[in-house]
Amino acid sequence: MADSGPAPRARFYDGVTALVHGADVRATASDLVIVRRADSFVLARWPIADVFVLGDVEHEGVPAVACKGSDARLVADDLELRRQLAQLIPHLARLTTTPAASGARIASFGATLVALLGVFWFAVDYGSEYAAPLLPHSLQARLGESVYDEITADKEECHGKAGLAAINGLANRLAQAAGYEHPITVHVIAGGPVNAFTLPGGILVFFYDLIDQAKDSSQVAGVLAHEIGHVVHHHPTKGLVRQFGIDLMLKLVSGGYSDVIGTLGSGGSLLLALRNGRAFEREADATGVSLLEKLGIRADGIASFFEQMIKKESTDMAAAAGIWSSHPPTAERIAATKRLPVGRPAFTDAEWRALRNVCR
């Protein structure tokens, strides 16, 4: 191959020092000669058979040329030089490959990411709805106990035996009526707020202020039946799986997934995951009313409890929050659970007195 004469500038890195040499390139029949542009000093003489294109030509703007057995690199910044080298040395033809547009690469990456997230979201959604109830009850119970121990560490638990027997007895009868095969445990915590909630493994927590402020036993029974609705539909476990599936997805995307396992083991960190959404609340309301009616117990307590609560608030906070609320509007829940005050009492007079005095 005849000497091709001076070519446009390139950059030469000798692989030994940090110096960058402005270079010209000449090709002979057997060698690629690299000379320093400033003084025509020969920087390197590479056998043509040993030169190759280094790097990813589809994504790098200017891929380097290297020689087997050498750490030196030649970077031809000028497109015309790269074309000349590709014509003179056929196995350097990749130098003329046009990199993919950054916009196209970003769009391709985005589409792939969206597809992966879609698959992951389906797995999370499917897992929370269908696979979560299949988790061993012993595991669910351990999770529930972990949360209970942490949130009640600084609170006083009530130990009135007769009162606890009354509320636990009704809870288990309701669960059995729903076909739930595991025992229910109801804990009563002294003080407030006026609230009750369900943990994994059939663990229920009632704050005494709810019992104390209830106008009659049907309201406590209504709230209890609602919480049993959460239990029999495995809402706490489903919420846990869904929340931490989403958390894992975000951590995998961001690269910060190393603390996922530790997070699952922390009882306090489960509290947010155990919050119920609107669909769960509606399902628990409907199930609670149905279970009370199935046992022939007054089922008007759920609606009357909501009515009592909304009278104490100037605004329906769930309705005011709109789509951001985790609960349906209270007025909607009252309409859905409204029942006539018919059926037998949930507790005997003695049981109701004992429950009212469970913390005394």
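Side notes on the structure shown:
- For segment 158-175, backbone phi angles converted through the Karplus equation (6.51, -1.76, 1.60; θ = phi - 60°) give residue-by-residue couplings of 8, 10, x, 4, 5, x, 5, 5, 5, 6, 5, x, 5, 4, 6, 5, 5, 5 Hz, Gly and Pro being listed as x.
- Were the residues from ASP349 through ALA38 laid out at 0.36 nm apart, the gain over their Cα-Cα distance would be 101.4 nm.
- Diffusion coefficient, µm² s⁻¹, Stokes-Einstein with Kirkwood Rh over alpha-carbon pairs of segment 148-194 at 10 °C and 1.306 mPa s: 132 µm²/s
- The modelled label-to-label distance between ARG173 and LYS68, using points 7 Å beyond Cα along the C-beta direction, is 8.9 nm.
- Restraint check, LYS155/LYS294; LYS161/LYS312; LYS161/LYS215; LYS294/LYS338; LYS215/LYS238; LYS161/LYS238, Cα-Cα greater than 25 Å: LYS155/LYS294; LYS161/LYS312; LYS215/LYS238; LYS161/LYS238
- Prolate/oblate/rounded call for segment 10-96, Cα gyration tensor, a/c under 1.5 rounded: rounded
- Sequence ranges 44-50, 233-239, ranked by mean other-Cβ count within 10 angstrom, highest first: 233-239, 44-50
- Cut-off under 5 Å, modelled amide H: who pairs with CYS158 long-range: VAL188, ILE189, ALA190
- Most to least packed among 29-41, 298-310 [average Cβ atoms within 10 Å]: 298-310, 29-41
- Scanning residues 5 or more positions from LEU43 or on other chains, those with amide H under 5 Å from its amide H are ILE34, VAL35, ARG36, with H placed 1.01 Å from N in the peptide plane.
Where a number appears in this text, it was derived from the coordinates with a stated rule and is not lab data. Nothing here was measured: the structure is a model prediction, and the numbers come from that model. Please note: Cβ atoms are built from the backbone with ideal geometry, for glycine as well, and neighbour counts cover all protein chains shown.
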